[in-house]
Amino acid sequence: MNCKNCNNTLRASQKFCDECGAKIIHNRLKPKVLAQQINEQFISIDNKFLRTFIDLFKQPETVIIGYIEGTRKKYIDVLQYFAIALTLAGIQVFLITTFFKEALDFGSAFMEGFNSATSQTKNPFADFNFDIFTKYQGLIYIISVPFSALGTWLGYYLLGERRYNFTEHLVINLYYSAQVIIVSAVLTILFLVFGLDYLIVYSIIAIPNFVYFFYVLKRIFKGPFWEAFTRFIFVMITYFISFSIVGLIFFILGIIIAIMAHN
């Protein structure tokens, strides 16, 4: 018998491949087997998802540095965890656009003023649809991660903290982003159930997200609180500069597209 994943020769008594570590499946795929796999991966108390989720709050450095240094069995792989987060974000968007459409009306004074301005004649943003930020939320998450990784890598590089390369900073930001997306998706639905405005919800969530980001970076890069906080402020400056440059590029492109469409 050979492993179906790597074709390594297996003994009849083996439960896992000693070459690639894959679990040996002897039974055909049936509802009972599928239910057991779902329970093992997502429901049982000792599953990887729950362990990863909890430890990213309790000891994020163990999950993230462990993955960077080669620990791949105890926690969910970073790309798989990010994919789960995007799936939950997709469910969030579906629920919002299906059951909470009124939350996307942006009834705040700020948005009313903006909508009033965009209603002016020959305004290139008159037909701009803010729903695009909700509909393409997953794509925005994916695009934003490399730039956030660039911000943290460049910030710590300029501070002389160069133990992790850009790809490893990408892992840090993927785990952080996935955790934030999962929590945000769940909290957004809960808050909307109680009738809170969409912008208010994101304003409530934004501050804890930055606090958690500081917590993650402090646990990874160590150091006394005020030293870590000062470094975090510097990293955030580079973080926002990189995002601002990219945002400016997209903003200019948006203006060009809007003007061309209006004409």
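The values are calculated or read from the model by the stated rules, or taken from the named source; none is laboratory data. Since we're looking at a predicted model, the values are computed, not measured. FYI the Cβ positions are ideal-geometry reconstructions off the backbone, even for glycines, and counts take in every protein chain you see. Calculation scope for accessible area: heavy atoms of the full protein, side chains included, ligands and nucleic acids excluded. Shrake-Rupley method; radii C 1.70, N 1.55, O 1.52, S 1.80 Å.
What order, most packed first, do the peptides 139-147, 252-260 have when packing is the mean number of other Cβ atoms within 10 Å of each residue? Each step should come with its number before you reach the end.
Details: 139-147: 14.0, 252-260: 11.7.
Most protected by this proxy first, the peptides run 139-147, 252-260.
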Task: Burial order of peptide ranges 7-15, 80-88, 52-60 (average beta-carbon count within 10 Å, highest first) - done: 80-88, 52-60, 7-15
Open item on the list: Sorting check: for 168-180, 148-160, which peptide has the highest mean count of neighbouring beta carbons within 10 Å, and how do the rest follow?
Closed with: 168-180, 148-160
- [ ] Could you check how much of the accessible area of segment 175-232 is carbon and sulfur, as a whole percent, using a 1.4 Å probe?
- [x] 80 percent
